[in-house]
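Only one structure is covered here, and it is reproduced in the block below.
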């Protein structure tokens, strides 16, 4: 998913899509299992390879299409595929409030887990431990992991909460790159992935597959070509109106249901439970794998807690006493 925060921010994408030829390139790729080389595309479009290269570059520069070079019988060939499943455009004016806390959580920084093979973890340099041995999810090396995968189970992440004292959480936004988990890879491998905040189920999303035909833009060269290469960028938002994924409402669970303040612990769980209809596993990609240079990104919007008169008086007395101690009075 491409998330465009303002219309102006999406200008280059609008320009890239403002061409019948480039729109047709996307349609042809999707009609042909999202994998074609440049010669095949040029032939279907009835244009020269040089003209096609210019169109592909515009689509690649804005992240809509990805390319990878693969060996063939007559040298190398460039393979093209569509990177995005949707484009989300925010038409509202951007939130210019300074009351926003940003942080991120590395893929391997989970605090609780229960996973089943096929499963594994890897850093940007090597696989951690042995593949399909879930004991290695307890290894200290997991903190270096930039990708993890399992068939069913869960991982749970503590989310740092350092909003200023005396504030409450008004909106929680998390974005992450994710896909299913098939043996090897399988682009048609649906998996029902559940999301929880503080053990409360907030939303479910069905991943369409485990993508591996084209190498991920950031996936290391040593990574196995017959394994999953990239995922889809998803954005989960919990606010006062409900819970949303990529702007689509998924449940009526609101941020007010959690009563989150500066003192609250935040735990984010991603799971494929036993009761899911499609148990197709999941893969989470960090900044060294996939198509997006990010870990699990977190944004917390906050505002001051409204105090009733007695609470205001108690807070004033507390601040006065603290100031007196600090000045030695």
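Quick notes on this structure:
- Picking from residues in the range 1-46 that are surrounded by 16 or more Cβ atoms within 10 Å (Cβ to Cβ) and part of a loop (DSSP other than H, G, I, E, B), the one that is farthest from the chain's Cα centre (by Cα) is 34.
Residues are listed down the side, and each one gets a yes or a no for (1) closer than 30 Å to residue 26 by Cβ; (2) buried (at least 20 other Cβ atoms within 10 Å of the Cβ):
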{"residue": "68", "(1), (2)": "yes, no"}
{"residue": "128", "(1), (2)": "no, yes"}
{"residue": "135", "(1), (2)": "no, no"}
{"residue": "173", "(1), (2)": "yes, no"}
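- Residue match in the range 149-163 (condition: closer than 30 Å to residue 37 by Cα and surrounded by 13 or more Cβ atoms within 10 Å (Cβ to Cβ)): yes
- Close pairs (6 angstrom Cβ cut-off, 6 or more residues apart or separate chains): without any contact (Cβ under 8 Å) to a residue 40 or more places away in the chain in the range 170-190, in a loop (DSSP other than H, G, I, E, B) anywhere: 188/209
- Residue count for the range 212-268, restricted to those that are within 30 Å of residue 78 (Cα to Cα) and in a loop (DSSP other than H, G, I, E, B): 19
- Scanning the range 73-86 for residues that are surrounded by 12 or more Cβ atoms within 10 Å (Cβ to Cβ) and farther than 20 Å from residue 187 by Cα yields a single hit, 77.
- Matching residues in the range 285-299 - criterion: being within 12 Å of residue 147 (Cβ to Cβ) and buried (at least 22 other Cβ atoms within 10 Å of the Cβ): 285, 286, 289, 290, 295
- Some residue of the range 130-152 being within 30 Å of residue 68 (Cα to Cα) and in contact with a helix residue (DSSP H, G or I) (Cβ under 7 Å, 6 or more places away or on another chain): yes
- Of the strands (runs of 3 or more DSSP E) lying entirely inside the range 50-92, those containing at least 1 residues that are in the same structural domain as residue 39 (by TED's automatic domain parsing) and in contact with a strand residue (DSSP E or B) (Cβ under 6 Å, 6 or more places away or on another chain) span 65-72, 75-82.
- So residue 61, is it within 24 Å of residue 88 (Cβ to Cβ), surrounded by fewer than 16 Cβ atoms within 10 Å (Cβ to Cβ) and at pLDDT 90 or above: no
The values are calculated or read from the model by the stated rules, or taken from the named source; none is laboratory data. It should be emphasised that the depicted structure is a prediction, and the values quoted were computed from it without experimental measurement. Methodologically, a virtual Cβ is constructed for each residue, glycine included, from the backbone with ideal geometry; neighbour enumeration extends over all protein chains shown.
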